[in-house]
Every structure is written in structure tokens, then in C-alpha cells.
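What follows is one structure encoded as C-alpha cells, with my remarks underneath.
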Amino acid sequence: MAWHDTQQQAILIAAAIRGGSLPHVVTPTVPGVDLVQVVAPDGRVLAGSPAARNKPPISVARPAPNDPLLDLQTCSNSEPGCLRYSALRVDARADSPIVLAARRTSTTLSTGFVDAIVAAQATVLVSCVAGLTWAVTGRILQPVDAIRSKLAKITFSDLSHRIAEPAGDDEICRLIRTLNQTLLRLETATHQQRRFVADASHELRTPVAGLRVKLEEAQMHPRDIDLNGLLEHADRCRPPAGDPGRHAHAGQSRIQRGAQTSAGRPGGPDACGTERRAHTPPIRSSLEDGVTVAGVPSQLSRMLTNLLDNAQRHARHVVDIEVHRDSDSALVTVCDDGPGIAEADRERIFERFTRLDTARSRGHGGTGLGLAIVSDVVHAHAGTILVGESVHGGSRFDVRFPLLTDAP
């Protein structure tokens, strides 16, 4: 197949990108394919091989999500000349980059010439099929049985095994290469999942331990048990509800009242029951009355608590919270006068277990889950959240929810 090598090179680069690896200079690994580019949707060359790095895109072709691989040829450029190339989408997203892998050729194959070759091959195959059926069947089934035996030994707990790739370029060889690539992707995904579980287990030990301390105190002083407080601690250690359908029957929640409650607990527990630092900056509030949204009160309260806890943890002197109507939205703004958040990090802070290499770091406490929970709650309530710079030079969080206009 004329485009086999370019296909293989494109597949390898796309797999590396999906695994999180996109070096600025791409090193081709398939012999003969020295022109490799990774092109953004707007036509920018994100990365390239040494032979193609500082050149314009090899092609503007963008394969469709339902047909992610195209094999093309061109002689339109004087340099590098005639090319056979494969264009492969990295994934099905609309903004997916395209991997272009090309090799030089003296001439392009015309469609008529390809059709003639295919027709000749078909004629030969039809004329010889009667005599070769038995031999071909035996030859095919033997390696297939070997593949089956090898796959039977691979388990989910150990995906490191690979099927030996024989020399050649027939269907069985390509099948084995595809199976090995699939096993590589499964192994990578499994390692990522195990790392996430390990991180989650480690990071949640502290909040669970905090809840246990509260329960032990209740056991030692049964007359002073605050069941509502214990239930509130336990509820805050649960992940937020991610299904928007759960909020359809949740009733109404006054953001103004929830902000007053959260702002009035400067020394209270954070989102998962661990204790805040003893000295926290004061919270100044400006709350418009009657600002009502549809949602789960406990989840909205948890969101406000996490935002205020985050602001107090990093503020130098003061934290401001404002709640008011803004057109058809309820706008909640939380500002601090801390070190602020770099623009490049303003999306990353909502990822789980993310801590920045600035003053917003592990040294300030927290599990790395607070802002991720805020994002989950906001989006589950059909809201939006934006991060910017406050008038104090610190960080500013703007949260918008659809306003419940027919609230009593």
C-alpha cells in the first residue's frame, strides 16, 4: 500500500499527543517519512520534524470526525516536490489538531493507473483463487491462532505484554500492529486511572481524618453531640452532584442568604471538614436581598464556602464578596488582595489536585479539590465561572447563575 508508512507515522504521532506528549520538534520513526507536521485548526504549525518544522503546512486538508484518516498526494509545491501524505485527526473534537505525515515521491499515482492496477490484481486473484484457497486459508489461520493464544494471556492487571510483530506488510502484520497500539493506549489509560485513584486516596485522608476527630469528640461528650453539624461535615465530604437533572426538583435557594451564612464562619471548617488557619482576613460583604436561583442549597452553600475559604487562604488583608442581580443573572463575585492567578493558570486551577507553583501552593493547606468542586457545582446548576484580577491586584471569581425571576 503506497500510503502505509505515512499512515503508521501519523498514527504514532497522534497516539503520543493523546498521551500528553507534543514536543516542539517531532522525530520521525518510520523510515522514509521525514516530513511530519502537527497543524492547529487555524492552520498554525504547532510542531514539526526538522525537515518540515519551518515550512508552511503541507496541506490544508481536515479529515471529518467520522472519517479521520485521509490519504492524499500532491505536486503543487516546488519544494519539497511531489508528496504522498496522510492526514489524521488526533481526536473527534472540533478543535482537534491534524497530524500530517509525508514522504517524497518522483510522481503521483493517477486514479486511472491505480484503478488499472487494482483491476489486474483482481483478475489474477479470481483466476487463482480455486487452486490457492487451501494454502492461503492455512497460512492465515495459523498466525491468527497464535494471536488468539497471546491475547488470552493478557489480563487487565498486566497490559504490558505485546504480540510479536512479524516481518512483512500483509493484513496480519497490520492487525498485529493495530492490536499492539490498542494495548498501549489501554495500558496508558489504566496507569492514569490508577494514579488518579492513588492521588485521591492520599488527598482525602486529611478530610476523612477531620471528620473522624469530630465523631470521636461526640463519642467522648455524648451530651454535646451536634448531629446537624456532623451531618453537615459528612455532606461536605461527598462529591457534588454532577447530574443537572437532580436539580430540577431542588427548589429555590437564596444566594444572598447562603453568602451571609458562608461569610459568617471565618474560623469554621472548609469544604471537607479540615480546620482553617487560626487567623484569617475579614470578609466584607455587599449582598443584594432577594437574589434567588433554582438549585440545591447545600451544594450552593458548599460552593460559596469553598470560594471564600480559597480567598481567605491567599488574601493578605481582606476578602470581598458581592451578590447582586445583573440583567437576567445572579452574579456572585469573590475578590481577595493576594498574589493573584496568572492568566495561563486560570483554567487549570479547576482541575482536581492542581496546586500552582506560586503562593497558592500546598503550604497554604487544602486538598486541591476545593475549586474543582466549585466548578462542578456551578456547571451542575447551569452556571458559569470566570477568573480575573481584582481591583486589589489579587484574584477575582465571577460566578453567574440563571436568575429565578418568578421567585416569591
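Taking amide hydrogens as placed 1.01 Å from N in the peptide plane, the amide H of His161 sits under 5 Å from that of no residue at least 5 positions away in sequence or on another chain. Which FRET efficiency value, to the nearest 0.05, do you get for Arg177 and Asp67 by plugging their Cβ-Cβ distance into 1/(1 + (r/R0)^6) with R0 = 22 Å? Efficiency, rounded to the nearest 0.05: 0.60.
Our coupling estimate for segment 374-389, obtained by passing each phi through the Karplus curve with A = 6.51, B = -1.76, C = 1.60 and θ = phi - 60°, is 4, 4, 4, 5, 4, 5, 5, 9, 6, x, 10, 9, 10, 10, x, 9 Hz, Gly and Pro reported as x.
Could you give the length gained by full extension between Ala122 and Arg284, i.e. 0.36 nm per residue of separation minus their alpha carbon distance, to one decimal place? Don't jump to the answer; show the numbers that get you there.
Working: separation 162, 0.36 × 162 = 58.32 nm, distance 8.12 nm.
Difference between extended and current length: 50.2 nm.
Quote the relative contact order of segment 4-104 in percent (integer), defining contacts as alpha-carbon pairs under 8 Å separated by 6+ residues. Can you show the working numbers first?
On the way: 214 pairs, mean separation 31.7, N = 101.
Once divided by the residue count of segment 4-104, the mean separation gives 31 percent.
Take the convex hull of the alpha carbons in segment 4-104; its mean projected area over all directions comes to 5.6 nm². Modelled label positions at Val391 and Asp328, each set 7 Å beyond Cα in the direction of Cβ, lie 2.9 nm from each other. Modelled spin labels at Glu343 and Asp224, positioned 7 Å past Cα toward Cβ, are 5.2 nm from each other.
Full extension of the chain between Lys153 and Asp170 gives 3.7 nm of extra length, using 0.36 nm per residue less the Cα-Cα distance. Close amide H pairs (under 5 Å, H built 1.01 Å from N) link Gly338 with Arg316, Gly394, Ser395, residues at least 5 positions away or on another chain. Under 5 Å from the amide H of Ala52 lie the amide H atoms of Val36, each residue being 5 or more positions distant or on a separate chain, with H modelled from the backbone and absent for Pro and chain starts.
Where a number appears in this text, it was derived from the coordinates with a stated rule and is not lab data. Nothing here was measured: the structure is a model prediction, and the numbers come from that model. Counting neighbours? That spans all protein chains shown, and the Cβs are built from the backbone with ideal geometry, glycine included.
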